[in-house]
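Computed from the coordinates by the stated procedures, all read-outs in this text should not be read as laboratory data. Values in this document were obtained by computation on a predicted structure and should not be read as measured data.
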Amino acid sequence: QNKSTMSETNKLQLSTLTKLSSLCLTDLGSRMNRKKIETLVTIQVHQRDVFSDLFRLFKDRKVSGANDFDWLKQARFYWVADGKDAVEKAGEGCCSVSVCDTEFK
């Protein structure tokens, strides 16, 4: 387990938000493109806030692993590349969303 993973992830997330935000100041070619970028910025702001809370809990040693409730209560998205629960077309896989002990596909 890499102890700097949380810090590195925080920096990457903030960098992504900065890049997306700067795109809002440019000509995006169409209203649809602008709406897409604005939606991505909104999603990234929410992710920043959620991750900041988790990062603070991690630094305060209140979250120490993947089985802690503060981690489990967040929606987590996983791509299942190929498996028994994958979509009908072989090799495409599916998105799995987990919250607490519930999983949606």
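Structure notes:
- Computed from backbone phi, the HN-Hα couplings of segment 10-18 come to 4, 4, 5, 5, 5, 5, 4, 4, 4 Hz, rounded to whole numbers (Karplus: 6.51 cos²θ - 1.76 cosθ + 1.60, θ = phi - 60°; Gly and Pro given as x).
- Share of Cα-Cα pairs in segment 1-63 lying beyond 13 Å, as whole percent: 66
- Scalar couplings 3J(HN,Hα) for segment 51-57, obtained by applying the Karplus form with A = 6.51, B = -1.76, C = 1.60 to θ = phi - 60°, are 5, 4, 4, 5, 4, 4, 4 Hz; x denotes Gly and Pro.
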